């Protein structure tokens, strides 16, 4: 903790040296601290209300099918060191989207290993439609999850509203459509088509994460996450878990990833045991940003065997 020492006024210092007795200074009365009133959420629009109803139905349907599991995987989802290694390579060393002519197409392509090297400073941003109670809940959940991610990766990750390099926006349908200028300022490498892909997000996409490196580097320097404010509780938490973890360097999804949140089947809502191991592997010093698949594979296989104790 930094302690600042205020120098005595010059006059008092001189009086003390002369042996004079200075008249006591009046003690100022402390001013009462008036807390800022909590933000009042704006009324829900028709477009936002329709999305809220729709995503509540989506969550109910998924839960009725036994999906959105929160147990992290159990006896019914075994995985070996070989499966862990192959899953990691598919999730960490492939892109889910391929950038073509300034647009992001959902087409997987091989990539380099990417991750953060500097501390991650997360800034939470809420649209005016989000109530004070909802903001408090989301903030607490994100802060708790950041501690977990930091423990898994060894990377300093914490909330920092003053100078974030990793933004998380909770916005309604209408508010997201107005995010264009904010997106361009935070992620200057985005093309107009990519910005439009966020502002006009299709209903089938629950949430989205964007990452950015400087030039051709494989070291992340910025991230921008958008989560729909209309989501019910578990879908909302699921978006927090998946998008924040993906923005740390696990950008792909795979139908073979199980148990994992990096799978579009929605079986798991929250980070699983295998996902935790993949984050540990990603930030192990034996791997480094810029590695390609042939170079990374033998190291990944060794790390997976160490984590699973040779279980195959």
Residues of segment 200-234 that turn out to be surrounded by 15 or more Cβ atoms within 10 Å (Cβ to Cβ) and either closer than 15 Å to residue 180 by Cα or within 15 Å of the chain's Cα centre (by Cα) (or both), as a count: 17
Only one of (1) within 13 Å of the chain's Cα centre (by Cα); (2) under 23 Å from residue 232 (Cα atoms); (3) crowded, with 16+ Cβ neighbours inside 10 Å fails for residue 171. Which number is that? (1)
Only one of 67, 2 is modelled with pLDDT under 55, part of a loop (DSSP other than H, G, I, E, B) and more than 30 Å from residue 112 (Cβ to Cβ), namely 2
Subset of segment 270-298 that is free of Cβ contacts under 8 Å to residues at least 40 places away in the same chain and within 19 Å of residue 155 (Cβ to Cβ) - its residue that is surrounded by the most Cβ atoms within 10 Å (Cβ to Cβ): 275
Please determine, by comparing only the residues of segment 299-312 that are surrounded by fewer than 22 Cβ atoms within 10 Å (Cβ to Cβ) and at pLDDT 95 or above, which one is nearest to the chain's Cα centre (by Cα). 307
Every listed condition ((1) in contact (Cβ under 8 Å) with a residue 60 or more places away in the chain; (2) in contact with a strand residue (DSSP E or B) (Cβ under 6 Å, 6 or more places away or on another chain)) holds for residue 209 save (1)
Checking the condition surrounded by fewer than 15 Cβ atoms within 10 Å (Cβ to Cβ), part of a helix (DSSP H, G or I) and out of contact with any strand residue (DSSP E or B) (no Cβ under 8 Å at 6 or more places or on another chain), which residue from 143, 136 passes? 136
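The values are calculated or read from the model by the stated rules, or taken from the named source; none is laboratory data. For clarity, every value in this text was computed on a predicted model and none was experimentally measured. With ideal geometry, Cβ positions are generated from the backbone for all residues, glycine too; neighbour counts draw on all protein chains shown.
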